[in-house]
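The values are calculated or read from the model by the stated rules, or taken from the named source; none is laboratory data. The model shown is predicted, which means the values in this text are computed figures rather than measured ones. We place every Cβ from the backbone using ideal geometry, glycine too, and count neighbours over all the protein chains shown. Note: areas computed on protein heavy atoms with side chains; ligands, DNA, RNA excluded. Shrake-Rupley method; radii C 1.70, N 1.55, O 1.52, S 1.80 Å.
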Amino acid sequence: QVQLVESGGGLVQPGGSLRLSCVASGTIFSSINGMAWYRQAPGKQREWVATVTSSGRLYADSVKGRFTISRDNAKNSVYLQMNSLKPEDTAVYYCKTVIGIKNYWGQGTQVTVSS
């Protein structure tokens, strides 16, 4: 059974940084082509943030230039480095992958940007 577990969230001041981690288990991580981060703010729909594949990295316009997605196959992990954080980045952040026709999501980690 595939499991994704996020960590690294917390409270940070505007302009600060956080690094989120997502560890995958139950599958051969290196065989997964795409890993993505999504987020969901209170009262809003879940939105895509970034994706990393064998072809490269893609970012939502709202985070481009501030966030960096990366992966480490040796550690079965995908990361999201978030710099220059803004209050509007406050959300629960989820990692996601697709294996076959099934979506797999983590449980999420809360990021709060506030002074």
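Scan the range 1-18 for residues that are over 19 Å from Asn103 (Cα atoms), assigned to a strand (DSSP E or B) and either among the β-branched types (Val, Ile, Thr) or more than 12 Å from the chain's Cα centre (by Cα) (or both) and jot them down.
If the condition is that a residue be over 19 Å from Asn103 (Cα atoms), assigned to a strand (DSSP E or B) and either among the β-branched types (Val, Ile, Thr) or more than 12 Å from the chain's Cα centre (by Cα) (or both), then Gly10, Leu11, Val12 are the ones that fit.
Between a first residue in the range 19-32 that is within 11 Å of Gly106 (Cα to Cα) and a second residue that is part of a helix (DSSP H, G or I) and not hydrophobic (A, V, I, L, M, F, W, C), which pairs have beta carbons less than 8 Å apart while being 6 or more apart in sequence or on different chains?
Going by the 8 Å Cβ cut-off, the qualifying pairs are Val23/Lys75.
Can you say whether Ser21 is modelled with pLDDT of 95 or more, assigned to a strand (DSSP E or B), touching a Phe, Trp or Tyr at 6+ places or on another chain (Cβ under 6 Å) and surrounded by fewer than 16 Cβ atoms within 10 Å (Cβ to Cβ), as far as the supplied structure shows?
So Ser21 does not fit the description; no.
Name the residue, out of Ser62, Ser84, that is over 19 Å from Gln107 (Cα atoms), in contact (Cβ under 8 Å) with a residue 60 or more places away in the chain and small (Gly, Ala, Ser).
The match here is Ser84.
Take Asn73 and decide whether it is touching a Lys or Arg at 6+ places or on another chain (Cβ under 6 Å) and not basic (Lys, Arg).
No.
Would you check if Ser77 is in contact (Cβ under 8 Å) with a residue 40 or more places away in the chain, touching a Gly at 6+ places or on another chain (Cβ under 7 Å) and not aromatic (Phe, Trp, Tyr)?
So Ser77 does not fit the description; no.
Check off (1) open to solvent by 50 Å² or more (accessible area, probe 1.4 Å); (2) within 16 Å of Gln107 (Cα to Cα) for Met35 and give me the number that stays unchecked.
If we test Met35 against (1) open to solvent by 50 Å² or more (accessible area, probe 1.4 Å); (2) within 16 Å of Gln107 (Cα to Cα), just (1) comes out false.
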